[in-house]
Amino acid sequence: MFAGLRELRRSGAIRDIRNMIERYDTTMKENPLSFQLKLKPEDFLPATEEEKQSQVIMRESVSFWKDGMRRLRRNKVAMVSLVVIIVVMIFSFIVPSFYPYTYKEQIKGANSLAPMEYSAEEQARIDAGEKVFPHVFGTDKMGRDYAIRVMMGSRISLLVGLVATCIILIIGSAYGSIAAFFGGWVDLVMMRIVDIIYTIPDILLIVLLSMSFKAPLNNLATKPGFHWLSVVGENLISIFVVFALLYWVGMARMVRSQVLMLKESEYVTAARALGVGNGRIIKKHLLTNCIGTLIVTTTLQIPSSIFTESFLSFLGLGVAVPLPSLGSLASDALNGINTYPYLLFIPALLISLIILSFNLLGDGLRDAFDPKLKN
Amino acid sequence: MFKYIVKRILLAVVTIWAVATLTFFLMNLVPGGPFLSEKAISPQAQAALEAKYGLDKPMSQRYVNYMTGALHGDFGDSLKQRGRTVMSIISMKFPVSARVGGISVLVALILGIPLGSIAALKRGKPADSVISVIATCGIAVPSFVICTLLMYFFGVKLGLLPTMGLESAKHYVMPVIALSFYPTAYIMRLMRSSMLDVLGQDYMRTAKAKGLAGGKILFKHALRNAILPVVTYVGPMLAYTITGSFVVEKIFVIPGLGGEFIKAINGRDYTLIMGTTIFLATLVIVMNVVVDIIYKLVDPRIKLK
Amino acid sequence: MGEYLVDVKNERLSFFTPAGEVKALNDVSIRLKEGEVLGIVGESGSGKSVTAYSLMGLTAHPGKLLGGELHFNGHQVETMSEKEIRKIRGNEISIIFQDPMTSLNPVYTIGNQITEVIRLHTDKTKQQAKERARELLELVGINEPEKRLKQYPHELSGGMRQRVMIAIALACEPKLLIADEPTTALDVTIQAQILELMMELKDKLGMAIIMITHDLGVVASMCERIAVMYAGRIIEYGTTDDIFYHPKHEYTKGLIRSIPRLDTKEHERLVPIEGTPVDMLNPPAGCPFAPRCDAAMQICLREMPPVTTFGDVHYTQCWLNQKEEMEKGASHE
């Protein structure tokens, strides 16, 4: 740099440039549009490559996942929803195990208590100096603590949502990718079946299925080796069967179109042409392009499963007594709506909150990981 | 186009047949037949009943009989409402449900389309935020929650609206709100995103470059394109309205088919359940075909295929 | 002012995006006489379309005109109300877009879309408008115009659709036609046909054309004046001869070197311009081209170069030219 300057000075170039600048200054005065500048001879030295590059502010390139996670974290609505979901999960899966009441326990003389109210007997114990855990949401008309019932209810609702979605995910993606992979008439027949199932009003069939499965499952549960069935509850099982039979079609369609799109996409052809192996193509292209959509669809499937379960339970076709679900809690509370409206509002609002949170989280995930699906 | 219609109708016929068959066999899966619940019944009476309803015949025979009957609109007699055929119950109750459902569909379209469009046009402005929040919540709230909340506040607390029956115009308000809530929210979202999509299209720029006024561009060029996805939703919306009517009719004690269906389930009126299921499924499937064909007619791009 | 059909002076326009201000146009000036053809050349994002669109008052949403004057055919566009501008659009000034596949509304017939603009700007009856539409289709070389009028856009090929777009643009015999990369989305053979058609129509109707393109071959064959844009500035402006035979700016030289030529010798290679286009959100402090310029100097990195003029028309914005001119001046003394 300095060497270069010395070189220039010696060659007399600097003098020329000085003259030049003087001339430049006079032209500047003539040209009012131009701005006044103090030009130095060094200004006309060549710029190095590094100096040039320092002018270019490159946006850092980030990986798909990092970028998506960053966008997700910045999405406040989605993050709040995630927190809500986690809190609800803690209350439904962890808190009940050390809660002082159980969902079946009928406390004597504590029927239909208002929130935070104590029964006469409990009040006597408190007066005697004993500590009694309050009934935060009161009790139902059979004297069961409502808070724990609501927690168990949301546990059931969440379980149904998650398990059903897993079933749908497995069946749907297997069916969809098989159809897309084989193509031809296999695809044609498989997709016609999907079309047929798609146009059947699902709720009607769910009602039918859950009715007719009840008895056979009941029978099965009495046989050795199948006792777990009665633990889970026949209705719950039939709900799962129903989801497994009907609800996967949307997922299958989506996976099929994704796989087909990938099969025909130019970058996969390009990767093939470059000699990239199948495993790597699947890992690199299929996973990064498909998983985003899959995650989003799965997340949005959970609330819709919960929605359906609560609907069935509300109609009395869901989980069996005494097991509560948010839908059946709301249904039971309907009769006492004039006197005990909170028994209805608590599960009703909770189910809306859960569905809303999953929906919003799903929207956030879509915005973060699957810009293609946006709008 | 003709080929498409034929194909669509054929598929619908197959679907209806599949639903009917599935319904028949599922109902016959119930062990002990439909009279199990009535315990105090003599074996003779049981046999007489079974003979009357044709339950003593083999399954295949009963299937053929049932399907031929169903084809002629004969779903047999109701098991619980003595002396009445399933079809007579359906034809009496369905118009009530259809009226409530029809009004709800109209309300959903009339509210959803303009509100969704406004949200898209005012993107990022307060109007958009308000509409989007309402739409998001509307999709998240199950119909039974809306029903019960409406009932509690407007019916019980404020006493503004009647909570039961369907005698006057006032009686329609709550059931229609409850039934149209979800579809309205869904259409708002659909319309918003489809309108946003259309607004970004090149032909909107062309329309502007022609010197057309904003209103003309919106109504002639944007709306016609943006409304197409809503047309495809009309089919699913009908299905939703029918299933939604189960809850709504139960809560508001409306003498419609939805409420009847729930009663039949709780009372194990198997023939009525089967008949209603097949009837409603056929209705939804046929409406889907009609909507699909209408869609092809409105969208010239698909006409030739 | 009267002698120019288009006279844009020092136009400055920015897009205010959530990520920050994007200065899309910086002191852009354009002049065009009636019947002249001006080519605007540049990479995508260099501001060529924005310049033309702003002349029609069609700046997209977060964009805002910050300064400058836009004269067109006796109107001062930047001061006109939306209602007034609408009367010019499609009438005195019209535009053809890049992608004919998406620029026509899919749910209306060709006839509907052509008569729409005729009926908007003239008081022709429905029947007269239809007759005019038929004439226009014939004019742009579409056979069986009667039948085409009843067809939908998706029933026509890309080249045909672009002809329809031209018919719509010419419906009211505009003074100025803006062609925004009219051939980019078309097949090469169709490209030539469309360009030929445009030149033919120009001679027939005597309108001026602003041709926006990144294809130097297109401008060479069609335009009288060329403006080379880079990062929202006109970095070189001149006649077609100036630009092709005496390019002064390093960027223009690079562009010309990158054109394949028939007389290129076998071992000679096309020289691409190295580097990536400017990030318009974070433009460099000095000359925007400096980071990619082989001859960049210290000053180039810090200060935006002033205008250097060569003769009446030809000018550049480059320190190197400035330096050479100064040296020339110095040696004359």
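The values are calculated or read from the model by the stated rules, or taken from the named source; none is laboratory data. All values reported here derive from a predicted model rather than from experimental measurement. Neighbour counts are summed over all protein chains in view; Cβ atoms, including those assigned to glycine, are modelled from backbone coordinates with ideal geometry.
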ask   = Mind checking whether some residue in the stretch B:169-185 is part of a loop (DSSP other than H, G, I, E, B), of a type in the set (G, A, S) and without any contact (Cβ under 8 Å) to a residue 40 or more places away in the chain?
value = no
ask   = If you check B:L190, B:L166, B:L179, which single one turns out to be among the aliphatic types (A, V, I, L, M) and at pLDDT below 90?
value = B:L166
ask   = Mind checking which residues of the stretch C:1-21 are surrounded by fewer than 22 Cβ atoms within 10 Å (Cβ to Cβ) and in a strand (DSSP E or B)?
value = C:D7, C:K9, C:N10, C:R12, C:S14, C:F15, C:F16, C:T17, C:G20, C:E21
Odd one out for B:P229 among (1) touching a residue at least 60 places away in the same chain (Cβ under 8 Å); (2) within 14 Å of chain C (Cβ to nearest Cβ); (3) within 17 Å of B:A108 (Cα to Cα) = (1)
message = If the requirement is being surrounded by 22 or more Cβ atoms within 10 Å (Cβ to Cβ) and under 30 Å from C:P174 (Cα atoms), which of these qualifies: B:K220, B:K210, B:K250?
response = B:K210
query = So B:N266 fits all but one of (1) surrounded by fewer than 19 Cβ atoms within 10 Å (Cβ to Cβ); (2) over 23 Å from B:T21 (Cα atoms); what number is the exception?
reply = (2)
ask   = For the stretch C:282-291, does any single residue satisfy the condition of being facing another protein chain (nearest Cβ under 8 Å) and part of a helix (DSSP H, G or I)?
value = yes
request  = Return only the number of the condition from (1) free of Cβ contacts under 8 Å to residues at least 60 places away in the same chain; (2) away from chain A (no Cβ under 12 Å); (3) more than 16 Å from the chain's Cα centre (by Cα) that B:K263 does not satisfy.
outcome  = (2)
inquiry  = Looking only at the stretch C:296-324, filter to residues that are more than 7 Å from every other protein chain (Cβ to nearest Cβ) and part of a loop (DSSP other than H, G, I, E, B); which one of those is surrounded by the fewest Cβ atoms within 10 Å (Cβ to Cβ)?
reply    = C:D312
task = Check A:L294, A:L312, A:L323 and return the single one that is within 14 Å of chain B (Cβ to nearest Cβ), buried (at least 17 other Cβ atoms within 10 Å of the Cβ) and modelled with pLDDT of 75 or more.
result = A:L312
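To keep it simple, each residue is scored yes or no on (1) over 15 Å from B:S91 (Cα atoms); (2) outside any helix (DSSP H, G or I); (3) among the small types (G, A, S).
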position: B:I254; (1), (2), (3): yes, yes, no
position: B:I265; (1), (2), (3): yes, no, no
position: B:R268; (1), (2), (3): yes, yes, no
position: B:T276; (1), (2), (3): no, no, no
position: B:M287; (1), (2), (3): yes, no, no
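The rows are residues; the columns are (1) among the charged types (D, E, K, R); (2) under 26 Å from C:A52 (Cα atoms); (3) in contact with a helix residue (DSSP H, G or I) (Cβ under 7 Å, 6 or more places away or on another chain); (4) touching a residue at least 24 places away in the same chain (Cβ under 8 Å).
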position	(1), (2), (3), (4)
C:T109	no, no, yes, yes
C:D123	yes, no, no, no
C:P145	no, no, yes, no
C:E155	yes, no, no, no
C:G159	no, yes, yes, yes
C:C172	no, yes, yes, yes
C:I178	no, yes, yes, yes
C:V188	no, yes, no, no
key: Residue list for the stretch C:176-190, restricted to those being surrounded by fewer than 21 Cβ atoms within 10 Å (Cβ to Cβ) and modelled with pLDDT of 85 or more   = C:E181
ask   = Give me the pairs: first residue in the stretch B:281-303 and within 11 Å of chain C (Cβ to nearest Cβ), second residue modelled with pLDDT of 85 or more and assigned to a helix (DSSP H, G or I), beta-carbon distance under 6 Å, and six or more apart or on different chains, which are they?
value = B:D299/B:L228; B:R301/C:H154
key: Residue satisfying condition, being modelled with pLDDT of 85 or more and surrounded by fewer than 24 Cβ atoms within 10 Å (Cβ to Cβ), within set A:F345, A:F358   = A:F345
key: Which listed residue, of B:L111, B:L121, is in contact with a Leu (Cβ under 8 Å, 6 or more places away or on another chain) and of a type outside the set (S, T, N, Q)   = B:L121
key: Test for C:S49: is it in contact (Cβ under 8 Å) with a residue 24 or more places away in the chain, surrounded by fewer than 19 Cβ atoms within 10 Å (Cβ to Cβ), at negative phi and not basic (K, R)   = no
task = Search the stretch A:219-233 for residues being in contact with a helix residue (DSSP H, G or I) (Cβ under 6 Å, 6 or more places away or on another chain) and modelled with pLDDT under 70, and hand back the single one that is surrounded by the fewest Cβ atoms within 10 Å (Cβ to Cβ).
result = A:S230
request  = Would you mention how many residues in the stretch B:67-91 are of a type outside the set (S, T, N, Q), part of a helix (DSSP H, G or I) and more than 13 Å from B:L272 (Cα to Cα)?
outcome  = 3
task = Would you check which residues across the stretch A:342-357 are β-branched (V, I, T), farther than 13 Å from A:F311 by Cβ and within 9 Å of chain B (Cβ to nearest Cβ) and list them?
result = A:I354
query = In the stretch B:175-217, which residue that is charged (D, E, K, R) and away from chain C (no Cβ under 14 Å) is farthest from B:K125 (Cα to Cα)?
reply = B:R189
ask   = How many residues does the stretch C:60-95 hold that are under 23 Å from C:P18 (Cα atoms), within 14 Å of another protein chain (Cβ to nearest Cβ) and either more than 20 Å from the chain's Cα centre (by Cα) or surrounded by fewer than 17 Cβ atoms within 10 Å (Cβ to Cβ) (or both)?
value = 4
message = Here are the criteria: (1) away from every other protein chain (no Cβ under 14 Å); (2) modelled with pLDDT of 85 or more. Tell me which single one B:L49 does not satisfy.
response = (2)
message = Can you tell me how many residues within the stretch C:112-160 are surrounded by fewer than 21 Cβ atoms within 10 Å (Cβ to Cβ) and touching a Pro at 6+ places or on another chain (Cβ under 7 Å)?
response = 5
key: Which listed residue is more than 12 Å from chain A (Cβ to nearest Cβ), over 20 Å from the mean Cα position of the chain (by Cα) and in a helix (DSSP H, G or I), from B:A127, B:A108, B:A98   = B:A127
task = May I ask you to list the residues in the stretch C:125-141 that are within 22 Å of C:D203 (Cα to Cα), without any contact (Cβ under 8 Å) to a residue 60 or more places away in the chain and in a loop (DSSP other than H, G, I, E, B)?
result = C:G141
inquiry  = Report every pair of residues separated by at least 6 positions or lying on different chains whose Cβ atoms are under 6 Å apart, first residue within the stretch C:303-324 and closer than 25 Å to C:P291 by Cβ, second of a type in the set (D, E) and surrounded by 21 or more Cβ atoms within 10 Å (Cβ to Cβ).
reply    = C:T316/C:E236
